[in-house]
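Below: the structure, in structure tokens.
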Amino acid sequence: MNEASSVALPPGPTAPSKSALDHKMNKSPGLIGTLVFGAVLLGGVGYAGFHLANDLAGTRLESIWPYVLLGVALLIALGFEFVNGFHDTANAVATVIYTHSLEPNIAVVWSGMWNLIGVLTSSGGVAFSIITLLPVELILQVGKGAGFAMVFALLISAIIWNLSTWALGLPASSSHTLIGSIIGVGIMNQLMGGHNGTSGVDWTQVSNVFRVLLISPLVGFGCAALLLLLLKVLVKNPALYESPKGTEPPPFWIRGLLILTCTGVSFGHGSNDGQKGMGLIMLILIGTVPTAYALNHAIGFSQVPDFAAVSEQAAKVLSGYVSQNAVMDDARADLTEYIRTKQFTPTTALAARQLAIDISNEVQQYKSLAGIPGSQQQNARNDMYVESETLRLMAKSNTPAFSASDNAVLTNYKKHLDNATKFIPNWVKVAVALALGLGTMVGWKRIVVTVGEKIGKEHLTYAQGASAEIVAACTIIAADQFKMPVSTTHVLSSGIAGTMMANGSGLQLSTIRNIALAWVFTLPAAALLAGCIFWLLRQVVH
């Protein structure tokens, strides 16, 4: 063997970077990071626990069973958010890690913190958009066996599917998983009820949500590609279009840009995805301790006269659309049937008017929502929920065709009803934020490797990472304003794919195929899982 052949060849250009990156990703957060996170975790748990205990102190339950059920349900619901954190939020940190803009242990803590801020500042609109997809009969029975079976089936099936795709390193969507679970529960609910049984899900609402989930990845792909091409025209600095050299961080201005885009995606993820578990947690709270959570007790003596006046105005408006031949049996039952079938009948306006009168009388009688007796809180909430959903569907179908002034009165009335029933206590937001943030810092590595290494054939450039994350952040935050759920995973991964295509970097078709297969199979798989779990639980609880 000659001398030349005995000398080891230097490693390829990516070898030292890959080895150093692996070392970075295996690095612990350090003592200071652990202590800071531990302090935040303890403070958050203490805050949530104190307020939950304070709310429960005013309730009188006959047995300890509701408390046990509440604890188990909350644990599973927060477990869903935890899995959501390390499954979805990993997408936000992939670009800053693979461009060496932030150390991995710092990146996940930073992302977790902005997820927390996003959750705490969220409106709750997405949470209640998710709830409207559920069968109305099950929502009204949330304190009974069928309602609990629904919530548990949704959460358990979503956790199982998310863990399965995470184990394979696939960036699947928690949003798709939850929507699929809702469809599965709705279909099984319909099958178990037979022809005279309860309905499935609100397919019109599901189609609207699914349309957003379908379009958002296409938006991510196309807009990220266009943004990269636009940057090449407007920003001539070649440093922005380079791949990282070794393990050196990019120039300061590029590093700041990438940290900013990571922050935007993390905040958007928290404000949108964090809400998906909130709605289910509220159903759990309403079902187990309706005395404390069925109605918004913040609406007190000072707001009651306004609430009653708005209710009376709505009843007067609805009177103008009541057919002379209308005959009503039970107002809530008639409106529940309208919500289920979407078929407006002469009875519908009469029932809506009567329920508005009943709600007004009840609120005035007890002077505040907190003053309504505990045994009647659930019924009062159901009346308000059904009335609000009825008004939503009437406005959506434009049947009956309300005048502009009448529509303004009913819209104002619906806003008052929603304020009374669609609220999220701050401690719930804190608990969800902690679960989401903790999940971000635990299981992020698998998805980060897929996003950073396996979508394109070449290393991610600074411009590609920034373009994908800018588009993802804007898409998620815009969807939050319209109260629609979107998939952080699909928007960002499709955005990276779009930049790879625009840059001529090429795509790893095997990864794209796997992501696409996960996208296609998530809905039916989650639906099948949730339907089966719902059926099993209904055999046990009644």
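When you scan segment 1-105 for helices (runs of 4 or more DSSP H) that lie fully inside it, which ones turn up with 3 or more residues that are modelled with pLDDT under 80 and surrounded by fewer than 18 Cβ atoms within 10 Å (Cβ to Cβ)?
Numbers: elements: 3-6, 15-25, 30-57, 65-88, 90-98.
Where helices (runs of 4 or more DSSP H) fall fully within segment 1-105 and carry at least 3 residues being modelled with pLDDT under 80 and surrounded by fewer than 18 Cβ atoms within 10 Å (Cβ to Cβ), they are 3-6, 15-25, 30-57.
Evaluate the following for Leu214: is it over 30 Å from Leu393 (Cα atoms) and not in a loop (DSSP other than H, G, I, E, B)? Quick ask: steps written out before the conclusion?
On the way: over 30 Å from Leu393 (Cα atoms): no; not in a loop (DSSP other than H, G, I, E, B): yes.
Judged against the criteria, Leu214 is not a match.
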Open item on the list: Exactly one of these conditions fails for Lys236: (1) without any contact (Cβ under 8 Å) to a residue 60 or more places away in the chain; (2) surrounded by 14 or more Cβ atoms within 10 Å (Cβ to Cβ). Give me its number.
Closed with: (2)
- [ ] Among the candidates Ser505, Ser494, Ser487, single out the residue that is free of Cβ contacts under 8 Å to residues at least 60 places away in the same chain and polar (S, T, N, Q).
- [x] Ser505
Task: Residue that is nearest to the chain's Cα centre (by Cα), among those in segment 283-303 that are surrounded by fewer than 18 Cβ atoms within 10 Å (Cβ to Cβ) and of a type outside the set (Ser, Thr, Tyr) - done: Ala298
Open item on the list: Filter segment 474-493 down to the residues that are touching a His at 6+ places or on another chain (Cβ under 7 Å) and not in a helix (DSSP H, G or I) and list them by number.
Closed with: Ser487
Task: Lone qualifier among Val451, Val442, Val428 - being at pLDDT below 90, under 28 Å from Leu120 (Cβ atoms) and touching a Leu at 6+ places or on another chain (Cβ under 9 Å) - done: Val451
TODO: Of the numbered conditions (1) touching a helix residue (DSSP H, G or I) at 6+ places or on another chain (Cβ under 6 Å); (2) closer than 26 Å to Pro244 by Cβ, Val119 fails exactly one; give the number of that condition.
DONE: (2)
Task: Exclusive hit being modelled with pLDDT of 90 or more and more than 28 Å from Thr291 (Cα to Cα), set Thr411, Thr421, Thr348 - done: Thr348
- [ ] Please state which of the following conditions Thr204 fails to meet, knowing it meets all the rest: (1) buried (at least 16 other Cβ atoms within 10 Å of the Cβ); (2) in contact (Cβ under 8 Å) with a residue 60 or more places away in the chain.
- [x] (1)
- [ ] State whether the residues of segment 469-481 include one that is surrounded by fewer than 21 Cβ atoms within 10 Å (Cβ to Cβ), closer than 30 Å to Ala356 by Cα and modelled with pLDDT under 85.
- [x] yes
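Would you check if Glu337 is in contact with a helix residue (DSSP H, G or I) (Cβ under 8 Å, 6 or more places away or on another chain), outside the structural domain of Phe148 (by TED's automatic domain parsing) and buried (at least 17 other Cβ atoms within 10 Å of the Cβ)? Reasoning before the result, please.
On the way: in contact with a helix residue (DSSP H, G or I) (Cβ under 8 Å, 6 or more places away or on another chain): no; outside the structural domain of Phe148 (by TED's automatic domain parsing): yes; buried (at least 17 other Cβ atoms within 10 Å of the Cβ): yes.
Against the criterion (in contact with a helix residue (DSSP H, G or I) (Cβ under 8 Å, 6 or more places away or on another chain), outside the structural domain of Phe148 (by TED's automatic domain parsing) and buried (at least 17 other Cβ atoms within 10 Å of the Cβ)), Glu337 does not qualify.
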- [ ] Output the residues belonging to segment 362-376 that are loosely packed, with under 13 Cβ neighbours inside 10 Å and either part of a helix (DSSP H, G or I) or in contact with a strand residue (DSSP E or B) (Cβ under 9 Å, 6 or more places away or on another chain) (or both).
- [x] Gln365, Ser375
Task: Set Ala158, Ala146: member being touching a residue at least 12 places away in the same chain (Cβ under 8 Å), farther than 15 Å from Gly279 by Cα, of a type outside the set (Asp, Glu) and not in a loop (DSSP other than H, G, I, E, B) - done: Ala146
- [ ] Exactly one condition in (1) in contact with a strand residue (DSSP E or B) (Cβ under 6 Å, 6 or more places away or on another chain); (2) at pLDDT below 85 is not met by Met500; state its number.
- [x] (2)
TODO: Give Ile187, Ile183, Ile139, Ile179 a once-over and let me know the one that is within 24 Å of Ala433 (Cβ to Cβ) and assigned by TED's automatic domain parsing to the domain that holds Leu280.
DONE: Ile179
Open item on the list: For a quick check of your reading: which helices (runs of 4 or more DSSP H) sit entirely within segment 225-340 and have at least 3 residues that are among the β-branched types (Val, Ile, Thr)?
Closed with: 252-288, 304-319
Task: Unmet requirement for Ser164, which otherwise passes all of (1) surrounded by fewer than 23 Cβ atoms within 10 Å (Cβ to Cβ); (2) within 30 Å of Asn296 (Cα to Cα); (3) of a type outside the set (Asp, Glu) - done: (2)
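Taking the stated definitions as given, is Ser111 crowded, with 24+ Cβ neighbours inside 10 Å, modelled with pLDDT of 80 or more and polar (S, T, N, Q)? Show your work before the answer.
Details: crowded, with 24+ Cβ neighbours inside 10 Å: yes; modelled with pLDDT of 80 or more: yes; polar (S, T, N, Q): yes.
Yes, satisfied.
The values are calculated or read from the model by the stated rules, or taken from the named source; none is laboratory data. In this text the structure is predicted, and so the values were computed from the model without any measurement. Backbone-built Cβ (ideal geometry, glycine too); neighbour counts: all protein chains shown.
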